Amino acid sequence: MPNPSSFPPVYDDEAQKASENLRRALPLLNKHKTPVNPVNYAVWYEYVSGDNQELANVIDNRLSKNQPITAEVTQSLYEKYVLMGMPERLEKTNTGLKIVVDNTLVNITKAESTTDNMLINLSDSQKALESCNSTEELKDLIGTIISNTQIMAESGNELKQELVHSSQEISDLKKELEVVKKLAETDALTGLLNRGTFNNELTDLCRQTAVEAALVMFDLDHFKKINDTFGHLLGDKVIQFFASLLQKHAGDEHLAIRYGGEEMAMIMLDISQREALKIADAIRSSFANSRLKKKGSEDSIGQVTVSVGLTMLRSTDTPQELIERADAALYLSKQNGRNRISVR
C-alpha cells in the first residue's frame with residue numbers, strides 16, 4: 001500500500017493492487033485534463049488507493065463544489081500532502097543557516113581587519129615612544145593609544161553582540177530542523193511513527209543479536225464500512241482514537257507505528273511473548289469496549305474492533321520475514337472471526 005505519511009513516500013503495493021490503482025487513476029487524469037506525469041499520477045494514485053485520507057478529503061471537497069482540479073492544483077496537493085511541504089521547509093532552513101554563517105564570517109573578517117589595523121597603530125606608537133623627547137609628544141602618543149584601545153574594545157563588543165545574535169538564530173534554526181525531522185518521521189493524522197521510520201527501526205532491530213522483541217500488527221475490522229456509513233471524517237477520528245490507545249500502551253518502552261490506512265503496528269522491545277500478548281490484548285479489549293459516538297450526537301456508531309497478529313523476533317530474521325509472519329498471523333485472526341489475536 002502507499003504510505004503518504006513518510007518522507008519521502010514509500011510505496012509497496014503488490015502488483016495486482018498497483019495495477020488496479022493504475023486502472024482507476026488514469027480515467028481521473030483524463031477527466032480533469034491533467035498530463036500523465038509523475039506528480040499528477042502520484043496525487044491520483046494516492047487518492048484512489050484510499051490511504052492518503054487528508055489528500056482524499058481535500059479532493060472530495062473540491063469535487064463536491066465543482067471546483068476544477070488542474071495541474072496547478074495537483075502540484076500544490078502533491079507538495080502539501082505527498083511531500084508534506086518538506087522540500088520547502090528544508091530549503092528555507094538551509095537558506096537561513098547559510099545567511100547566518102555568511103553574516104558571522106563577514107563580522108569576524110571585519111573584526112580581524114580592525115584588530116590588524118590597531119596592532120599596526122600600536123606598533124607605530126611603541127616605536128614613537130622609544131624616540132619620544134617631550135611631554136607634549138608623550139601626551140599625544142598616550143591619547144592615540146587610548147583611542148586605538150577604545151576602537152578595539154568597541155569592535156570586540158560589536159563582534160560579541162553579533163555572535164550572540166547568530167547563536168540565537170542558529171538555535172532557532174536547530175529547533176526548526178528538529179521539527180522538520182520529527183514531521184518526516186511521524187504520521188500526520190495520528191502522530192505515530194510512519195512507515196519510513198518503521199522500516200528503518202525494523203532494519204536496525206534485525207541487525208541486533210540476543211534481543212527479545214515482538215512485532216504486532218493491528219488492522220481495524222470492517223473499516224471501509226465505517227467510512228461508507230459515517231464518512232471519512234469520522235473514519236479519521238476512529239483511526240486517531242485507536243492510535244491514542246496504541247501510544248498509551250507503547251509508552252516510552254515500545255514503538256507505535258501507522259503502517260498504512262487503518263493498519264498499525266507496534267515494535268515491542270525487551271519483552272517476552274507472554275508480556276507482548278498481554279499488552280496487545282489490552283489494546284484489543286479496550287478498543288472493542290469503547291463506544292465511539294457520532295460528532296455532535298450521543299448516538300454510538302456501534303462496536304468497532306481490531307484484529308491482531310503477533311510474532312517474536314528470531315535471530316535469523318530479515319525485516320521482510322518478520323513482517324510476513326506478523327501479516328500471516330493477522331490474516332489468521334481475520335479468517336477466524338476478527339477481534340482476536342493470533343501468533344505465528
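Before moving on, here are some points about what is shown:
- Restricting attention to region 180-222 and to residues that are outside any helix (DSSP H, G or I) and of a type in the set (D, E, K, R), the residue that is surrounded by the fewest Cβ atoms within 10 Å (Cβ to Cβ) turns out to be E212.
- Checked against the criterion of being under 17 Å from L202 (Cα atoms) and touching a residue at least 12 places away in the same chain (Cβ under 8 Å), the candidates D236, D327 yield just one match: D327.
For every residue, the table says whether it meets (1) in a helix (DSSP H, G or I); (2) surrounded by fewer than 21 Cβ atoms within 10 Å (Cβ to Cβ).
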position	(1), (2)
M266	no, no
R274	yes, yes
K278	yes, yes
F287	yes, no
R291	no, yes
G337	no, yes
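- Answer residue from region 247-305, given it is hydrophobic (A, V, I, L, M, F, W, C) and over 17 Å from L330 (Cα atoms) and is modelled with the lowest pLDDT among those: L292
The values are calculated or read from the model by the stated rules, or taken from the named source; none is laboratory data. Keep in mind the model is a prediction, meaning the values are calculated, not measured. Because the Cβ atoms are built from the backbone with ideal geometry, glycine has one as well, and the counts that use them run over all protein chains shown.
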